[in-house]
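So the structure is just underneath, and the comments pick up after that.
The values are calculated or read from the model by the stated rules, or taken from the named source; none is laboratory data. Because the structure is predicted, anything quoted here is derived from the model rather than measured. All Cβ positions, glycine included, derive from the backbone under ideal geometry; neighbour counts span all protein chains shown.
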Amino acid sequence: MNLEKLVRENIKKLTPYSSARKEFSGTANIFLDANENSFGSPIQTNYHRYPDPLQIKIKEVAAVWNEVKTSQIFIGNGSDEAIDLLFRIFCEPKRDNILICPPTYGMYEVSAEINDVAIKRANLTENFQLDFAEINRQIDENTKLIFFCSPNNPTGNSLNRNEILDFTKNSNGIVVIDEAYIHFSSEKSFVEELRNFPNLVVLKTFSKAWGLAGLRVGLAFASEEIIGLFNKVKPPYNVSQIAQEAILEALQNFETVEKTIEKIILEREKLVTNLESLSFVQKVFPSDANFILVKTTDANSIYKFLLDETIVVRNRNSVELCEGCLRITVGTEEENAKLLEKLKKYEESFIH
Ligand SMILES: *Cc1c(COP(=O)(O)O)cnc(C)c1O
């Protein structure tokens with residue numbers, strides 16, 4: 001992999017925006033450099049000041065936990081921002097392409113379309129693993145990004161680690177591993193492989209296991225060079241003060257998060273067993289995530305029935321390899337019990 005060759009020319013040439021808070025990082029008592037409102041705000045907090053553009057306090061904690069340098073971390077407005085920035089850093093519109101392995105997370109495709117970048121597809125195999133023969137057929141010299149989501153959304157399974165590592169070793173593109181659901185899996189994170197692979201980017205998020213989807217905070221881990229490019233292209237103040245403060249508070253309460261993860265996994269296993277007992281369920285796919293993909297005899301009618309009972313799940317019936325499938329997020333014990341009650345009602349009304 002040659003990073004120089006992968007980066008867009010305009011990004012290489014770019015002089016990044018230099019914010020007031022970037023130019024000055026010493027100590028001062030009077031801040032008249034950023035056109036903020038020195039009189040404060042209607043609410044009694046420090047929101048009248050711009051936030052730390054590089055979110056260094058959060059990165060200091062994340063660096064220790066992930067055993068990387070703070071300069072190997074990007075923090076964004078959700079991992080969706082990291083995905084979009086990857087396109088803007090590496091993909092020349094109308095010329096370059098990316099590779100995805102459907103069925104997978106929809107944002108890779110949407111980001112590609114927004115950035116006018118072509119999409120190559122190599123569907124997963126029947127058991128939802130990567131099809132490397134097809135991947136290698138699809139890739140060409142303009143394939144800049146290869147997205148692997150593990151555990152994968154919407155299938156729920158983890159992808160084979162050694163196969164990905166072998167592929168990454170020989171890849172001329174940037175391999176992006178999306179680990180949004182890694183906390184629910186017993187698999188190791190790919191972050192520890194960053195030292196071996198300069199073309200690896202690992203995405204994580206506070207939206208799932210951490211329960212902070214509303215804050216919009218996600219992370220990208222990569223080489224210092226790649227993170228330098230993220231910092232060059234990102235909007236200067238991309239993570240708000242309120243989000244940074246809340247994340248710092250959450251980081252001090254990881255035990256609570258660990259307990260929640262354990263509960264979700266327990267509920268997931270209960271839900272798997274209960275779903276398998278329903279006559280209209282043809283297959284419950286094994287899950288390493290906080291959701292379950294379920295193949296049914298009639299996804300559309302079950303979806304509609306649940307909606308009428310005020311329960312919303314995700315209908316994946318029209319997604320490749322997911323015919324008849326619903327994707328169900330693991331809820332609280334009460335929510336899952338309610339779901340099962342309604343599914344039994346469906347079984348009685350429509351199956352018998
Ligand atoms: C939910 C999810 C994300 C999270 O995106 P955020 O922007 O961080 O909320 C990323 N990737 C996948 C595969 C997801 O399912």
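Let's see how each residue does on (1) outside the structural domain of Phe285 (by TED's automatic domain parsing); (2) farther than 16 Å from Leu200 by Cβ; (3) touching a residue at least 40 places away in the same chain (Cβ under 8 Å); (4) under 20 Å from the mean Cα position of the chain (by Cα):
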position: Glu109; (1), (2), (3), (4): yes, yes, no, yes
position: Thr125; (1), (2), (3), (4): yes, yes, no, no
position: Glu134; (1), (2), (3), (4): yes, yes, no, no
position: Arg137; (1), (2), (3), (4): yes, yes, no, no
position: Pro151; (1), (2), (3), (4): yes, yes, yes, yes
position: Asn157; (1), (2), (3), (4): yes, yes, yes, yes
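For segment 191-213, how many residues meet the condition of being among the aliphatic types (A, V, I, L, M) and within 7 Å of the ligand (Cβ to nearest atom)?
2
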Restrict the check to segment 37-46 and report whether at least one residue is of a type in the set (Ser, Thr, Tyr), outside any helix (DSSP H, G or I), away from the ligand (no atom under 16 Å from the Cβ) and touching a Phe, Trp or Tyr at 6+ places or on another chain (Cβ under 9 Å). yes
Does Lys57 qualify as being at pLDDT below 95 and basic (Lys, Arg)? no
Take segment 214-235 and flag every residue that is more than 16 Å from the ligand (Cβ to nearest atom) and either assigned to a helix (DSSP H, G or I) or modelled with pLDDT under 95 (or both). Glu224, Glu225, Ile226, Ile227, Gly228, Leu229, Asn231, Lys232, Val233
Residues that are at positive phi, assigned to a loop (DSSP other than H, G, I, E, B) and more than 16 Å from the ligand (Cβ to nearest atom): does segment 16-33 have at least one? no
Six or more apart or on different chains, Cβ under 7 Å: which pairs go from a residue in segment 49-70 that's of a type in the set (Gly, Ala, Ser) to one that's not in a helix (DSSP H, G or I)? Could you list them? Ala62/Ile73; Ala62/Leu219; Ala63/Lys69; Ala63/Ile73
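Residues that are among the basic types (Lys, Arg) and assigned by TED's automatic domain parsing to the domain that holds Leu215: does segment 261-283 have at least one?
No; the residues of segment 261-283 include none that is among the basic types (Lys, Arg) and assigned by TED's automatic domain parsing to the domain that holds Leu215.
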Residue list for segment 159-186, restricted to those being in a loop (DSSP other than H, G, I, E, B) and either under 13 Å from Cys101 (Cα atoms) or away from the ligand (no atom under 15 Å from the Cβ) (or both): Leu159, Asn160, Ser171, Asn172, Gly173, Ser186
Identify, from the list Ala299, Ala220, Ala246, the residue that is in contact with a strand residue (DSSP E or B) (Cβ under 8 Å, 6 or more places away or on another chain) and either without any contact (Cβ under 8 Å) to a residue 40 or more places away in the chain or farther than 30 Å from Asn46 by Cβ (or both). Ala299
So for segment 255-275 (the condition being within 16 Å of the ligand (Cβ to nearest atom), touching a residue at least 40 places away in the same chain (Cβ under 8 Å) and touching a helix residue (DSSP H, G or I) at 6+ places or on another chain (Cβ under 7 Å)), does at least one residue qualify? yes
List the number of the failed condition for Ala34; all other conditions in (1) surrounded by fewer than 15 Cβ atoms within 10 Å (Cβ to Cβ); (2) closer than 23 Å to Val201 by Cβ; (3) in contact with a helix residue (DSSP H, G or I) (Cβ under 8 Å, 6 or more places away or on another chain) hold. (2)
Report whether or not Leu251 is more than 20 Å from Thr329 (Cβ to Cβ), aliphatic (A, V, I, L, M) and either at pLDDT 95 or above or crowded, with 16+ Cβ neighbours inside 10 Å (or both). yes
